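Structure, as structure tokens:
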Amino acid sequence: MYEGKNIILGITGGIAAYKSADLVSRLKKRGADVFCVMTDAAQEFITPLTLRTISNNPVFIKMFTEKCLTNVEHIGLADRADLFIIAPATANIIGKINCGIADDLLTTTIMATKAPVLFALAMNVNMYLNPIVQENIENLKRKGYYFVEPEEGILACGYEGKGRLANPEVILDRAEELLIKVKPLNGRKVLVTAGPTCEPLDPVRYITNHSTGKMGFAIARQALLLGADVTLVSGPTNQGTSKGIKLIRIQTALQMRDAVIEEFAECDIVVKAAAVADYRPKYTANDKIKKQPGDLSIELERNPDILFELGKKKVNQVLVGFAAETKDVLKYAAEKVKAKNLDYIVANDITQPGAGFGGETNIVTLIFADGKTKALPQMSKEETAREIIIEAIKLLHFKE
Ligand code: PMT
């Protein structure tokens, strides 16, 4: 996939910068044309001459030097790129891009490009685990940037832990995925639901649940990465979507139902990851309910079972449900596959550490309509989402 592709290799100031020479060499062997952009700090670890010699192209350092490609260098580079690989990517570059800082050639070029940007992280383990760095990474993922996580090992600074630049072949394979133009879901429409619903009790209070939307937003992102036209219907969350995803925000189960039914007929794949309230208050007060002496009882009435309705409407769509259970997870989930006419269900035991609401990881078992199961180990919600979408793609081809 690298043949004839223009790769911009951004190099920032980490000890792993010396490994960029090897990356350039490997990229060229795979047929890419490589243009290196170095920060000032990167030059402390490797010289521009080394990279110029290996890449056989100019090396770009400063914003305001003689023009090589176009009159405005960073725009020329940004437009020329088929893909950006930032390796090593330090905590500093992650923080600057997440905050929209564009104060040197590399940051301005990254901010100006429409090409995919892949950050190959490398830093001290304590920097990597710093909540500020982790939040910057998660924010950038939600905005459509891609990452290769650092590997475990002995670090140059003497520490041991997750901080070493990933193996170059891992970086190049991940980058190659981003270059794939003909993607398995090109021309396909995927609908994902995410987050909680909020069922109003009065103008001040509502009934909801612990869903943060992370699982559903990750599924939407993975579907987008695999080429789909993605619509995401989400309850209230603080998750941000990637560019290119059509986001429909709702509050109640009734509103989610209307939005989903509206989209369903045109969809190829539907994944219902949202935690939809089964009940809502039978009466919603127009004014704040004032406390009275003694107890207060609230009468609840059933919400529509959206997934069940979709199962009845299903024609060629691949319909995927979720099951959030606290006991007999596989039994309840298997019952739902049949009762709701699903192609498969994602069963997760939300009492398991590392699974369920709010965390960065999930532990799920996929249960298919033919009874087959696929147990996934604990993995990030991004990786879980990728598995979910890949299984749906297999079923889509099977249906045709
Ligand atoms: O959002 P996160 O913080 O990342 O947490 C992820 C998650 C725990 C929310 C997610 O992994 C998950 O389990 N989502 C499903 C939660 C849920 O509502 O499960 P359920 O067993 O109550 O519902 C079963 C299925 O029916 C779900 O696909 C649900 O979307 C759907 N449903 C439920 C009720 C309803 N009235 N209509 C529905 O369509």
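The values are calculated or read from the model by the stated rules, or taken from the named source; none is laboratory data. Not measured: the values here are computed from a predicted model. FYI the Cβ positions are ideal-geometry reconstructions off the backbone, even for glycines, and counts take in every protein chain you see. Accessible surface is based on the protein model in full, side chains and every heavy atom, while ligands, DNA and RNA are left aside. Shrake-Rupley method; radii C 1.70, N 1.55, O 1.52, S 1.80 Å.
Hey, what did the chain get for relative contact order, percent, Cα under 8 Å, at least 6 apart? It would help to have the intermediate numbers written out before the result.
On the way: 857 pairs, mean separation 42.7, N = 400.
The normalised contact order for the chain reaches 11 percent.
Here the accessible area of the range 6-179 is 53 percent carbon and sulfur, with a 1.4 angstrom probe and all protein chains present. Shape annotation for the range 6-179: C-alpha extents along the principal axes are 43, 31, 31 Å, from largest to smallest.
Between amide H atoms placed 1.01 Å from N, distances below 5 Å from Val364 occur with Leu376, all of them 5 or more places distant or on a separate chain.
From its DSSP helices (H runs of at least four residues, each -39,500 (n - 2.57)), the chain gives a residue-normalised ellipticity at 222 nm of -9500 deg cm²/dmol. Note on Leu129 and Tyr18: their simple-model spin labels are 2.7 nm apart, each label 7 Å out from Cα toward Cβ.
Charge tally around Gly235: other residues with Cβ under 15 Å, Lys/Arg +1 each, Asp/Glu -1 each, net +2.
Sparse packing (at most 15 other Cβ atoms within 10 Å of the Cβ) combined with a DSSP loop state is found for the following chymotrypsin sites (Phe, Trp or Tyr not before Pro) in the range 136-188: Tyr159. Note on the range 189-399: Cα Rg divided by 2.2 N^0.38 Å, N the number of residues, gives 1.03.
Near Gly358, once Lys and Arg are set to +1 and Asp and Glu to -1 for all other residues with Cβ below 11 Å from its Cβ, the sum equals +1. The radius of gyration of the Cα set in the range 143-295, together with its Dmax, comes out at 21.2, 69 angstrom.
Each semi-axis of the equivalent ellipsoid for the chain is √(5λ) with λ an eigenvalue of the Cα gyration tensor; in descending order they amount to 44, 23, 20 Å.
Each listed q (0.15, 0.19, 0.22 Å⁻¹) maps to a log10 I(q)/I(0) for the range 185-230, found by the Debye formula over equal Cα scatterers with no solvent: -0.50, -0.63, -0.72. With protein chains left intact and a 1.4 Å probe, residues in the chain average 47 Å² of accessible area per residue.
Of all segments of the chain bounded by trypsin sites (Lys or Arg not before Pro) found in a DSSP loop with no more than 11 other C-beta atoms within 10 Å, the longest spans 115-180. For the range 239-331, the list of GluC sites (Glu not before Pro) that fall in a loop by DSSP and count at most 14 other C-beta atoms within 10 angstrom reads Glu266, Glu299. In sequence order, the range 31-42 has phi-based couplings of x, 7, 9, 10, 10, 8, 10, 10, 7, 4, 5, 4 Hz under the Karplus curve 6.51 cos²θ - 1.76 cosθ + 1.60, θ = phi - 60°, and Gly or Pro positions carry x. Counting only protein heavy atoms and a probe of 1.4 Å, the accessible surface of the range 189-399 is 52% carbon and sulfur. Within the chain, which whole H helices from DSSP have a Cα span along their axis of at least 18 Å and a mean Kyte-Doolittle hydropathy of -0.5 or more, if any? Helices meeting the criterion: 381-399. Under a 5 Å amide H cut-off, with hydrogens placed 1.01 Å from N, Tyr206 pairs with Leu201 among residues at least 5 apart or on other chains. For Thr212, the residues 5 or more places off, or on other chains, whose built amide H falls under 5 Å of its own are Gly358.
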